[in-house]
Amino acid sequence: MADRAQPTVGVRWPYLGRPQILLLIAGLITMIASFLPWLDTAFGGANGAAVGGLYTFCAGLIALPGAMLRRRGVVVGHALVLAVVGIAVPVWRLVWALGLLPGLGQAWLPGSGLLLVLISGGVAAYVAVTLLRTPVVEGSRSPTARADR
């Protein structure tokens, strides 16, 4: 009986605390919203896959492993990919639409997919900044635990 090794109790997911949960949710929402309408007009909506949603879908797919991994630098890298693509592509499509299509608010509006991807990109940027700024105390699950406590 004494020869048996005791099971070690490790830290369970989320390894870096609440930011990893937020990254998982942002990645999933980005993947779904990439195929929703990005521009709504009186004649119908422009599907996200036709106007840049495939790039954001891939970024959301890259963010999912980042939400599962243990290393802080890798998680920050995955969050930054989603943040850059999730903000740049919708802003690019909005600038394109403002320059080409007349009458914002009268002839067309940003669609739900574009807004959800933009918000998810902002959440991913928040995750990256949170993980970069807060030090982790050894043995702590939360990145908000400070060394001075």
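Brief remarks on what is shown
- Filtered residues of segment 75-101 (kept if of a type in the set (Val, Ile, Thr), surrounded by fewer than 24 Cβ atoms within 10 Å (Cβ to Cβ) and at pLDDT 95 or above): Val76, Val81, Val84, Val85, Ile87, Val91
- Residues of segment 58-86 that turn out to be in a loop (DSSP other than H, G, I, E, B), touching a residue at least 24 places away in the same chain (Cβ under 8 Å) and over 10 Å from the mean Cα position of the chain (by Cα), as a count: 3
- Residues being within 19 Å of Cys58 (Cα to Cα) and in contact (Cβ under 8 Å) with a residue 40 or more places away in the chain - total across segment 120-136: 7
- Residue ID - nearest to the chain's Cα centre (by Cα), chosen from residues in segment 103-117 that are among the aliphatic types (A, V, I, L, M) and part of a strand (DSSP E or B): Leu109
- Gly45 part of a helix (DSSP H, G or I) and among the small types (Gly, Ala, Ser): no
- So Pro135, is it of a type outside the set (A, V, I, L, M, F, W, C), more than 15 Å from Val81 (Cα to Cα), over 21 Å from the mean Cα position of the chain (by Cα) and modelled with pLDDT of 75 or more: yes
- Hits in segment 36-48 - residues which are hydrophobic (A, V, I, L, M, F, W, C) and crowded, with 16+ Cβ neighbours inside 10 Å: Leu36, Trp38, Leu39, Ala46
- Exclusive hit being in a loop (DSSP other than H, G, I, E, B) and surrounded by fewer than 21 Cβ atoms within 10 Å (Cβ to Cβ), set Tyr55, Tyr15: Tyr15
The values are calculated or read from the model by the stated rules, or taken from the named source; none is laboratory data. This is a predicted model, so every value here is computed, not measured. Don't worry about glycine lacking a Cβ; one is built from the backbone with ideal geometry, like all the others, and counts go over all protein chains shown.
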